[in-house]
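Read through the structure below, which is laid out as C-alpha cells, and then see the notes.
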Amino acid sequence: MGNDEMTEIKADNRKKEFIRTLKFIGFSISAGVIEAGTFALLTEFTGMPYWPRYLIALVLSVVWNFTLNRKFTFQSAGNIPKAMALVALFYAVFTPATTLLGDYLADTRMWNDYLVTGINMVLNLSLEYLYDRFIVFRKTIDTNIKEEKNNE
C-alpha cells in the first residue's frame, strides 16, 4: 500500500470519526432535552429534593442516549447486555459523584439547581463519549454495517 492510499485511508477515518462525534453530540442533545425537561417538570411540579429529580431525569436520558448511540453512532452489533453493563459501570461512578455534589451545591443554595444540572450534563456528554468510544464500543464499532452487508 502506497503513501497516497494510506493518506486517503487516514483522511477517511478522520471524516468517519468526525461524523461519529457529531452524531453522538446530536443524540446527546436530544437526551439532554429529555433530562432538562424531566428535571424542570419535577422541579416545578413536585416538592422533591434535588437528588431524586436529578436521578430520575438522568436515568431517562441515559436509556434514550444508549439506545440511539449504540444503533446509529457506533453502529454496534456487539453483545448488548455486555455494552449495557459497561455503561452501568460508568454510571455507577458518575451518578453518585454528580448526585452528591449536585445535591450539596443545590441544597446549600450556593448554586442554582439548573446551573448544577447543566454542568453535570456537559460533563456527562464529554466523559461518556470518551468512555463509549474507547471502552464500551471499541471493538464493535461499525459491526452492524458489516453484518447488514453480509446479509445482503
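Descriptive notes on the structure:
- Bins of 5 Å from zero: percent of alpha-carbon pairs in the chain: 1, 9, 16, 19, 16, 12, 9, 7, 5, 3, 2, 1, 0, 0
- Net charge over other residues, Cβ less than 12 angstrom from the Cβ of Phe39 (K, R count +1; D, E count -1): -2
- Degrees, to the nearest 10: 3-45 long Cα axis against longest axis of the chain: 20
- Under-14-angstrom lysine pairs by C-alpha in region 3-151, whenever the two are 8 or more apart or on separate chains: 4
- On Cα atoms only, tilt of 113-131 relative to the major axis of the chain in degrees: 20
- Counting only alpha carbon atoms, the long axis of helix 50-68 and the longest principal axis of the chain meet at about 20°.
- Linear extension gain, Ile19 paired with Met48, 0.36 nm per residue minus alpha-carbon span: 6.5 nm
- Fewest-first ranking of Glu128, Glu35, Glu8, using other Cβ atoms within 10 Å as the exposure measure: Glu8, Glu128, Glu35
Throughout, read-outs are computed from the coordinates displayed, never taken from laboratory work. Here the structure is a predicted model, which is why all the values come from computation and not from measurement. As a convention, Cβ positions derive from the backbone with ideal geometry for all residues, glycine included, and neighbour counts pool all protein chains shown.
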